[in-house]
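See below for the structure under consideration.
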Amino acid sequence: MSRVAFVTDSASDLDPARAAADGIRIVPLSVTFGEQSFRAGVDLTTEEFWARMTAPDAPFPKTAAASPGEFKAIYDEAFADGAEAIVSIHVSGKLSGSIKSAEIAKGLLPDREIHIVDSTGASMAEGILAYMGLEMAALGVSAAEIARVLSDRASDLRMYVSLETLEYLKKGGRISGARAAIGTFLSVKPIISVEDGVVDTADRPRTRSKSRERCIELICARPIERVAILHTLAPDVDEFRDEVVRRSGVDPATVMVSVVGPSVGPHLGPGCVGAAVLYKR
């Protein structure tokens, strides 16, 4: 049995029950609606988040990284359960303070072996790396080598998401007001990319169907090693998934589908669909 424990954060959008069953611990980020704060995935489920997010006149939620103390508590728990080392995989340091909190927590445990990995992305980009790590640990690979490989392969990760609007990215501070206004004025259905922690507009198709088609083209532009579909309650997610599988030739049994939750969802808004993809070298 592997003595390497895996930790990620709620921005990974991994289902808490599945992650726990597979041996992945999740540090919950916080999400605040007005005066009410919640721990993502702990006292606010993904379903509850979207009900609040889409309610009439709902305040725009704010997200925040977990504290170093919360990271340390999860690390302590993993070691108490018999782990000899931890590989901790998190949302890009350019998008969140989670990496900084993890590094501080690591410093509070100087006698323990803890490796921090920056996924350079968010959502299932983190999840892809976490499951790669699990597979390596099952083969007996050391925690240090797992962390080295995952950090290296993070450069092969990309995210592409077809949005309904840029408004949520603007509200969340991930894109300038001017860029969002251009998208709104043109009534486009923009596609964003995330590469090396940087959110950018990959294309600006004029209709939803063209946006979906272009998003699939971008995802499948290179040979794919792993892909995970993500969406924000998009009704066409199954159709989108099937088309990505068909064009990429990946084994459909390996393709995870995840609903984006409270940590990333506020920046995307409802009705989006896309993927995190690890390209072959």
Which of (1) open to solvent by less than 10 Å² (accessible area, probe 1.4 Å); (2) within 17 Å of the chain's Cα centre (by Cα) is the odd one out, the single condition residue 190 does not satisfy? (2)
Need pairs with beta-carbon distance below 6 Å; first residue more than 17 Å from residue 66 (Cβ to Cβ) and within region 38-53, second buried (at least 16 other Cβ atoms within 10 Å of the Cβ); sequence gap 6+ or separate chains. 46/259; 46/261; 50/233; 52/33
Please specify each residue of region 198-207 satisfying the condition of being closer than 15 Å to residue 268 by Cβ and of a type outside the set (A, V, I, L, M). 200, 201
Which of the residues spanning region 123-136 are touching a strand residue (DSSP E or B) at 6+ places or on another chain (Cβ under 8 Å), open to solvent by 10 Å² or more (accessible area, probe 1.4 Å) and either without any contact (Cβ under 8 Å) to a residue 12 or more places away in the chain or under 22 Å from residue 105 (Cβ atoms) (or both)? 134
Quick check on region 93-111: of everything there that is open to solvent by 90 Å² or more (accessible area, probe 1.4 Å) and farther than 21 Å from residue 265 by Cβ, which residue is nearest to the chain's Cα centre (by Cα)? 100
Kindly provide the set of residues from region 1-26 that are under 13 Å from the mean Cα position of the chain (by Cα) and under 22 Å from residue 112 (Cα atoms), ordered by number. 8, 9, 26
Output the residue which, of all residues in region 60-73 that are within 19 Å of residue 261 (Cα to Cα) and touching a Lys or Arg at 6+ places or on another chain (Cβ under 9 Å), is most open to solvent (accessible area, probe 1.4 Å). 60
Look at region 3-31 and say how many of its residues are open to solvent by less than 30 Å² (accessible area, probe 1.4 Å) and small (Gly, Ala, Ser). 5
Name the one entry in 205, 190 that is touching a Leu at 6+ places or on another chain (Cβ under 6 Å) and either of a type in the set (Phe, Trp, Tyr) or modelled with pLDDT under 95 (or both). 190
Being in contact (Cβ under 8 Å) with a residue 40 or more places away in the chain and either more than 22 Å from residue 208 (Cβ to Cβ) or touching a Lys or Arg at 6+ places or on another chain (Cβ under 9 Å) (or both) is the filter here, so list the residues in region 239-260 that pass it. 256
Since residue 89 meets every condition but one in (1) within 27 Å of residue 269 (Cα to Cα); (2) open to solvent by 20 Å² or more (accessible area, probe 1.4 Å); (3) among the β-branched types (Val, Ile, Thr), which condition does it not meet? (2)
Is it the case that some residue within region 211-225 is hydroxyl-bearing (Ser, Thr, Tyr), in a helix (DSSP H, G or I) and surrounded by fewer than 19 Cβ atoms within 10 Å (Cβ to Cβ)? no
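The values are calculated or read from the model by the stated rules, or taken from the named source; none is laboratory data. This is a predicted model, so every value here is computed, not measured. In this analysis, Cβ positions are derived from the backbone assuming ideal geometry, glycine residues included, and neighbour counts consider all displayed protein chains. Accessible surface areas use protein heavy atoms only, side chains included; no ligands, DNA or RNA. Shrake-Rupley method; radii C 1.70, N 1.55, O 1.52, S 1.80 Å.
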